[in-house]
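Novice: Can you keep this structure in mind? I'll have questions shortly.
The values are calculated or read from the model by the stated rules, or taken from the named source; none is laboratory data. What you are looking at is a predicted structure, and each value in this text was computed from that prediction instead of being measured. Using ideal geometry, Cβ is built from the backbone for each residue, glycine included, and neighbour counts are taken over all protein chains shown.
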Amino acid sequence: MNLAAIRAIYIFEMSRTFRTIWQSLVSPVLSTSLYFVVFGTAIGSRIETVEGVSYGAFIVPGLIMLTVLQQSVANAGFGIYFPKFVGTIYELLSAPVTVLEIVIGYVGAAATKALMIGLIILATSTFFVDIRIAHPVWMLAFLVMTSFSFAMLGFILGIWAKTFEQLNLVPMLLITPLVFLGGSFYSISMLPPVWQTITMFNPVVYLISGFRWSFFGLADVPVAASLAAISVFAGLCLLAIWAIFRTGWRLRT
């Protein structure tokens, strides 16, 4: 394992975050604060509790997951797309660095950024609502697994994209709607039976459900199903990345 190469990629990617601190960290926190104001005040005044939890506290896991998914995909996507765009990707491909080391460097940095933002938003939420985490270890575990899994998805999208428009297309048209329709701001049990069945085909439901369980001990799907879903998703992303570097798809053209 070439630890020096991993460290170089990781530090380079992390340094970009601190050069654009307002865009990377402050902007997501401000956006989330607006969600608290709008949803917590406007809707929370009409829905006092959901399954015994105050509505303001109930939406905290969904808001954190929304931001973490978006940031994981965006950071990893841009991190690998920019070297393709300027042509420095060829230096990386010709260096004595394995696929695993490249993935650890880029995906690790993107996941770290998303994890930092998620924890900052969690701390910010305490100014709005009273939060008590029932299973803090599992909360961190779900947060880390989600960050790394979707950072790998962003890494794949960054390789696939040929333009900046394509790079933003999937997060805007796919990730965000899936999160909004995945129970971020409501419980799946509140939906009619038909829509409950349809919603179960949304993979984000399992992530949000497991993450919310770590806070309140409440889950729309079994926790084991949430862990299985995120493990399968991470495995598929790793397999796709291995195939991309094996064939050179969108890397050597």
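Novice: For the stretch 145-159, state whether one or more residues are out of contact with any Cys (no Cβ under 6 Å at 6 or more places or on another chain), farther than 28 Å from F85 by Cα and not acidic (D, E). Spell out how you get there, then give the answer.
Specialist: Kept after step one, since they are out of contact with any Cys (no Cβ under 6 Å at 6 or more places or on another chain), are these residues of the stretch 145-159: 145-151, 154-159.
From the residues that got through so far, the ones that are farther than 28 Å from F85 by Cα too are 145.
Applying the additional criterion that residues be not acidic (D, E) yields 145.
Checking the stretch 145-159: at least one residue is out of contact with any Cys (no Cβ under 6 Å at 6 or more places or on another chain), farther than 28 Å from F85 by Cα and not acidic (D, E).
Novice: Something else about it: Condition first: outside any helix (DSSP H, G or I) and on the phi > 0 side of the Ramachandran plot. Can you find one or more residues in the stretch 86-98 that meet it? First the steps, then the outcome.
Specialist: Our first condition is that a residue be outside any helix (DSSP H, G or I); within the stretch 86-98, this holds for 87-88, 95-98.
Next cut, on the phi > 0 side of the Ramachandran plot only: 87.
Yes, the stretch 86-98 contains at least one residue that is outside any helix (DSSP H, G or I) and on the phi > 0 side of the Ramachandran plot.
Novice: Have a look at R7, R19, R46 and point out the one that is more than 17 Å from the chain's Cα centre (by Cα), of a type in the set (K, R), loosely packed, with under 15 Cβ neighbours inside 10 Å and over 30 Å from E101 (Cα atoms). Spell out the reasoning first.
Specialist: Values: R7 fails: over 30 Å from E101 (Cα atoms); R19 fails: over 30 Å from E101 (Cα atoms).
Going through R7, R19, R46 in turn, the sole match is R46.
Novice: Given the residues F148, F164, F128, F142, which is the only one that is over 17 Å from W249 (Cα atoms), surrounded by fewer than 16 Cβ atoms within 10 Å (Cβ to Cβ), of a type in the set (F, W, Y) and out of contact with any strand residue (DSSP E or B) (no Cβ under 8 Å at 6 or more places or on another chain)?
Specialist: Working: F148 fails: surrounded by fewer than 16 Cβ atoms within 10 Å (Cβ to Cβ); F128 fails: surrounded by fewer than 16 Cβ atoms within 10 Å (Cβ to Cβ); F142 fails: surrounded by fewer than 16 Cβ atoms within 10 Å (Cβ to Cβ).
Going through F148, F164, F128, F142 in turn, the sole match is F164.
Novice: Another question, if that's okay. So, in the stretch 82-125, of the ones that are surrounded by fewer than 23 Cβ atoms within 10 Å (Cβ to Cβ) and among the aromatic types (F, W, Y), which residue ends up nearest to W242 (Cα to Cα)?
Specialist: If we take residues in the stretch 82-125 being surrounded by fewer than 23 Cβ atoms within 10 Å (Cβ to Cβ) and among the aromatic types (F, W, Y), then Y90 is nearest to W242 (Cα to Cα).
Novice: Please go through the stretch 205-228 and pick out each residue that is within 17 Å of G56 (Cα to Cα) and part of a helix (DSSP H, G or I).
Specialist: Those that are within 17 Å of G56 (Cα to Cα) and part of a helix (DSSP H, G or I): I208, S209, F211, R212, W213, S214, F215, F216.
Novice: Specify which of the listed residues (L181, L207) is over 30 Å from V97 (Cα atoms) and more than 15 Å from the chain's Cα centre (by Cα). Even if it seems obvious, please write down each step before you answer.
Specialist: Numbers: L207 fails: more than 15 Å from the chain's Cα centre (by Cα).
Among L181, L207, only L181 is over 30 Å from V97 (Cα atoms) and more than 15 Å from the chain's Cα centre (by Cα).
Novice: When you check L119 against the structure, is it under 19 Å from I59 (Cα atoms), assigned to a helix (DSSP H, G or I) and at pLDDT 90 or above, yes or no? Working first, answer last.
Specialist: On the way: under 19 Å from I59 (Cα atoms): yes; assigned to a helix (DSSP H, G or I): yes; at pLDDT 90 or above: yes.
So L119 passes the test.
Novice: If you go through the stretch 173-197, how many residues are within 20 Å of S54 (Cα to Cα) and without any contact (Cβ under 8 Å) to a residue 12 or more places away in the chain?
Specialist: Summing the residues that are within 20 Å of S54 (Cα to Cα) and without any contact (Cβ under 8 Å) to a residue 12 or more places away in the chain in the stretch 173-197 gives 1.
Novice: Oh, and also: With respect to A234, is the statement that it is within 15 Å of the chain's Cα centre (by Cα), part of a helix (DSSP H, G or I) and hydrophobic (A, V, I, L, M, F, W, C) true? Give the steps one after another, and end with the answer.
Specialist: Details: within 15 Å of the chain's Cα centre (by Cα): yes; part of a helix (DSSP H, G or I): yes; hydrophobic (A, V, I, L, M, F, W, C): yes.
Yes: the conditions hold for A234.
Novice: Within the stretch 199-253, take every residue that is without any contact (Cβ under 8 Å) to a residue 40 or more places away in the chain, hydrophobic (A, V, I, L, M, F, W, C) and under 27 Å from W160 (Cα atoms) and give me the one that is surrounded by the most Cβ atoms within 10 Å (Cβ to Cβ).
Specialist: V205
Novice: Just wondering, is there one or more residues in the stretch 165-172 that are of a type in the set (A, V, I, L, M, F, W, C) and either under 19 Å from I59 (Cα atoms) or free of Cβ contacts under 8 Å to residues at least 60 places away in the same chain (or both)? Can you show your working first?
Specialist: Looking only at the stretch 165-172, we keep the residues that are of a type in the set (A, V, I, L, M, F, W, C), and these are 167, 169-170, 172.
So of that shortlist, the ones also either under 19 Å from I59 (Cα atoms) or free of Cβ contacts under 8 Å to residues at least 60 places away in the same chain (or both) come out as 169, 172.
Yes, there is a match, as at least one residue in the stretch 165-172 is of a type in the set (A, V, I, L, M, F, W, C) and either under 19 Å from I59 (Cα atoms) or free of Cβ contacts under 8 Å to residues at least 60 places away in the same chain (or both).
Novice: Could you check how many residues of the stretch 191-204 are in a helix (DSSP H, G or I) and either aromatic (F, W, Y) or at pLDDT below 85 (or both)?
Specialist: Narrowing the stretch 191-204 to residues in a helix (DSSP H, G or I): 193-199, 203-204.
Restricting the remaining residues to those that are either aromatic (F, W, Y) or at pLDDT below 85 (or both) gives 195.
Residues in the stretch 191-204 being in a helix (DSSP H, G or I) and either aromatic (F, W, Y) or at pLDDT below 85 (or both): 1 in total.
Novice: Within the stretch 145-186, can you find the residues that are part of a helix (DSSP H, G or I) and among the charged types (D, E, K, R)? Outline the logic, then answer.
Specialist: Narrowing the stretch 145-186 to residues part of a helix (DSSP H, G or I): 145-160, 164-180.
Once the filter is applied, which keeps residues that are part of a helix (DSSP H, G or I) and among the charged types (D, E, K, R), the stretch 145-186 yields only E165.
Novice: Follow-up. Out of G52, G40, G79, which single residue is surrounded by 19 or more Cβ atoms within 10 Å (Cβ to Cβ) and either of a type outside the set (G, A, S) or at pLDDT below 85 (or both)? Reasoning before the result, please.
Specialist: Numbers: G52 fails: surrounded by 19 or more Cβ atoms within 10 Å (Cβ to Cβ); G79 fails: either of a type outside the set (G, A, S) or at pLDDT below 85 (or both).
That would be G40, the only listed residue that is surrounded by 19 or more Cβ atoms within 10 Å (Cβ to Cβ) and either of a type outside the set (G, A, S) or at pLDDT below 85 (or both).
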